[in-house]
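The values are calculated or read from the model by the stated rules, or taken from the named source; none is laboratory data. As the structure is a prediction and not an experimental result, all values here were calculated from the model. Note that each Cβ is placed from the backbone with ideal geometry, even for glycine, and that neighbours are counted across all protein chains shown. Please note that ligands, DNA and RNA were not included when accessible areas were found on the heavy atoms of the full protein model with its side chains. Shrake-Rupley method; radii C 1.70, N 1.55, O 1.52, S 1.80 Å.
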Amino acid sequence: MTAHSRLALGLHDAAWLIVAATAAATAFPAPALAYVDPSVMTYTIQALAGVAVALSAVLGVAFRRSRRALMRLLRIDEDARKQAEPDLVAIDPDAAGASAAFAAEDEAAREAKRTLLAQAAPKPLAWRGRFARALLASLFLVGTLFIVAPLEVVGQSTFGLLFGFYDILALVLAAGVASAVVLALLLSALRGRAFDTALVLVAALGISCYAQALFMNSALPVADGDYLHLDRFVPITVTSALVWVALIAAATMLARKRAKAARIGSLVACAALLVVQTASVVSVATSQRVLDSVQHEPVVATHEGLYTLSPDENVVVFVLDTYDQRYLDQALADDPRLLDEFTGFTCFTNSTGSMIPTRYAVPFLMTGRMPDGTEPFRDFTRTWFQKSTLLPDIRNAGYTVGIYTDSLGTDIMNAEPFAMNVHEAEPRSLDIVKMLTALDRVALYRDMPWVLKPLFWFTTDDLNKAFTASGELEKRPYMVDDGRFGQGLSEQRVSLNDEAKSFRFIHMLGPHKPYSLDEEGRPSPTPTTREQQARGSLALVADYLRQMKELGLYDDATIVVTADHGNWQLAPEGIIEPTSVIMLVKPPESAAEAAEPVRFSDVPTGHLDYAATIADAVGADASKYGPTVFQVPPGPRQRFYWATTTDWHEDVDWTQWAIDGEVLDWEDWSRTGTVVEIPHR
């Protein structure tokens, strides 16, 4: 067979491989939710199975016939190297020369066997052949793990990331292809059985990663900062470990017993799954391009104006993520002087939040709008900002607005007309090493078996930190990072701007995982505790207040220190214990009032009175929002709270709770029966 003939057959087989992979890719369409009668579904499944079998048979026959036709055109004899079984020869044992004839036939049969064994034995491969095979297997493993995984995670992410698919595409492809070439060079240095075994193992690892991502990650929780607790996922942890062991053991055994067959089978699997995954990435890229074409240019909240205030009137809101009133009670027990700098404040100890988690709580604090259960989820979220008057009221009162959070997702575009620090994102100069390190952790977390996932645990903040690690601070996208916030507060300090009135909304990490602050608010080289971080985040706020006092801005300012939500359990059964938020408020006061120690109040208030408090502080009409925290009388008051339930992977619904009494008394909580279903993406 000539080189041209081999090339033609190779192109033919590759084309059919693409056709088969494309057909296989249609077996994984986007899910659709609908009710189908079980009896109808039974027959539908049978019909679809029949179609699948028939289609595979048709593809197989078409492939075989087209290949034979091509071989006839190329004048290639299919039987050229095949050992044909000889005709049967009858030997009469009584005839003369029977022994010699039998011996001759026996020797011919043995020679045929030796020929077959010689043909079946794997032939030594030249380096070029080894490298080509190693490159295919390496591209599959590295592509599955370090190209497809991060691109799919980033491309399919709808919340939390400050960058998108196309921001990392070139970097991921370049690093992935380079890594695959290096791995292929290392593999091709091996010879004989060692090469075959290594090749099959690389393919088996890639197949295991692919199977993990496709079939065994359905219960994987979102990366919201909480650690992965394997004790909640014992069945899938054991199952995935067994699948990995079985795949790798089977590959190793096959490589030892049937080296040539294992090599060919591995390469075919690598090629087919490479095509399937390439199609998946192209689909994600196309969807991202379409989404980008219908949306405005991406906008982000930058650091601009973070440490500046007006010389005249200021309203400052600190949102300390996850800061439950119980955490504050414990922090005060550990350090009674914790709130010494919070002079003139009132601490409301019976304060409810609004919604959980952060992706819903922060939009509420920006708008003052809470669902009432009458609107479908998408209708409410699409108009969350449009139907709110809170930001327009603040701006119309003459305040220059600064919004510092990374938790508004695409809703950040709704804040752009009102916030001076929210505008189109500037081209970024990525920190290549930090970004690749973060993306590799994402990939390993997604594609490794469950038992190893905790080793690669990450949060979206890890990715955002890598994206915002370089460039001028004022132009960097803001991300919730208390260590970075404290460093800027120490180095830049609060200063005066030329704004007539300043409104600042500053979202901080607070006692949210991961724990990295000590009790003084300084980043720690080793993990700290929730208690240390709870005290440390308040220490940072205290430093900000101290600097306001030094500038003479403190007495006349309105300052709110609260949380987006308190402690809660993300679980399919929903919340199982009470949750609250800290709520400390200082209104404009005389110098004597602003110097008094913090006061405590147990009136039934919380986020439901937040919007009115802010509107009143800026001089807008607060009555349309309800009472301020200072106008709530003591005594009974029903308050509502929206908790999110989950299937560990996606949000399922908003469930409304009523609180009649003390927020920290679980006996005073009850479900109202109002539920807003959250459709899956």
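Things worth noting here:
- Any hit, region 263-283, residues being surrounded by fewer than 19 Cβ atoms within 10 Å (Cβ to Cβ), touching a strand residue (DSSP E or B) at 6+ places or on another chain (Cβ under 9 Å) and not β-branched (Val, Ile, Thr): no
- From the list Thr562, Thr558, Thr468, Thr526, the one residue that fits, being touching a helix residue (DSSP H, G or I) at 6+ places or on another chain (Cβ under 9 Å), modelled with pLDDT under 95 and of a type in the set (S, T, N, Q), is Thr468.
- Checklist (1) free of Cβ contacts under 8 Å to residues at least 40 places away in the same chain; (2) open to solvent by 30 Å² or more (accessible area, probe 1.4 Å) applied to Leu205, failing item: (1)
- Thr286 open to solvent by 30 Å² or more (accessible area, probe 1.4 Å), out of contact with any helix residue (DSSP H, G or I) (no Cβ under 6 Å at 6 or more places or on another chain) and either closer than 17 Å to Leu141 by Cβ or among the aliphatic types (A, V, I, L, M) (or both): no
- Qualifying residues in region 189-225 (those that are in a helix (DSSP H, G or I) and among the polar types (S, T, N, Q)) - the one farthest from Asp406 (Cα to Cα): Thr197
- Some residue of region 13-29 being more than 36 Å from the chain's Cα centre (by Cα), closer than 25 Å to Ser280 by Cβ and either open to solvent by 50 Å² or more (accessible area, probe 1.4 Å) or modelled with pLDDT of 65 or more (or both): yes
- Sole residue being open to solvent by 60 Å² or more (accessible area, probe 1.4 Å), of a type in the set (A, V, I, L, M) and under 28 Å from Arg359 (Cα atoms), chosen from Leu220, Leu230, Leu254, Leu214: Leu214
- Filtered residue count, region 612-629, keeping only those that are within 21 Å of Thr349 (Cβ to Cβ), in contact with a helix residue (DSSP H, G or I) (Cβ under 6 Å, 6 or more places away or on another chain) and assigned to a helix (DSSP H, G or I): 1
- Close pairs (7 angstrom Cβ cut-off, 6 or more residues apart or separate chains): in contact (Cβ under 8 Å) with a residue 12 or more places away in the chain in region 251-263, not in a helix (DSSP H, G or I) anywhere: Ala259/Pro122; Lys260/Pro122
- Residue within region 428-445 that is more than 21 Å from Tyr166 (Cβ to Cβ) and open to solvent by less than 40 Å² (accessible area, probe 1.4 Å) present: yes
- Residues within region 472-519 that are in contact with a helix residue (DSSP H, G or I) (Cβ under 6 Å, 6 or more places away or on another chain), among the aromatic types (Phe, Trp, Tyr) and under 23 Å from Glu313 (Cα atoms), tallied: 1
- Residue ID - surrounded by the most Cβ atoms within 10 Å (Cβ to Cβ), chosen from residues in region 494-506 that are closer than 19 Å to Ile614 by Cα and touching a Phe, Trp or Tyr at 6+ places or on another chain (Cβ under 6 Å): Phe503
- Filter result (hydrophobic (A, V, I, L, M, F, W, C) and open to solvent by less than 10 Å² (accessible area, probe 1.4 Å)) within region 468-493: Met479, Val480, Phe485, Leu489
- Pairing residues of region 61-77 that are closer than 17 Å to Leu17 by Cβ with residues that are surrounded by 13 or more Cβ atoms within 10 Å (Cβ to Cβ), at Cβ distances under 6 Å and at least 6 apart in sequence or on separate chains, gives Phe63/Trp16; Leu70/His12.
- Restricting region 629-643 to residues that are under 38 Å from the mean Cα position of the chain (by Cα) and open to solvent by 10 Å² or more (accessible area, probe 1.4 Å), the residue that is farthest from Pro572 (Cα to Cα): Gln638
- Selected residue [over 28 Å from Arg395 (Cβ atoms) and among the hydroxyl-bearing types (Ser, Thr, Tyr)] from Ser524, Ser502: Ser524
- The lone exception for Ile659 - which of (1) open to solvent by less than 10 Å² (accessible area, probe 1.4 Å); (2) out of contact with any helix residue (DSSP H, G or I) (no Cβ under 7 Å at 6 or more places or on another chain) it fails: (2)
- Residue match in region 271-281 (condition: in contact with a Pro (Cβ under 8 Å, 6 or more places away or on another chain) and of a type in the set (A, V, I, L, M)): no
- Any hit, region 395-412, residues being without any contact (Cβ under 8 Å) to a residue 60 or more places away in the chain and under 13 Å from Ala301 (Cβ atoms): yes
Table: residues versus (1) closer than 14 Å to Arg535 by Cβ; (2) open to solvent by 30 Å² or more (accessible area, probe 1.4 Å); (3) at pLDDT below 95.
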| residue | (1), (2), (3) |
| --- | --- |
| Tyr323 | yes, no, no |
| Asp340 | yes, yes, no |
| Phe345 | no, no, no |
| Pro357 | no, no, yes |
| Met366 | no, no, no |
| Asp372 | no, yes, yes |
| Arg382 | no, yes, yes |
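- Just so you know, in region 563-598 the residues that are without any contact (Cβ under 8 Å) to a residue 12 or more places away in the chain and part of a loop (DSSP other than H, G, I, E, B) include one that is surrounded by the most Cβ atoms within 10 Å (Cβ to Cβ), and it is Gln569.
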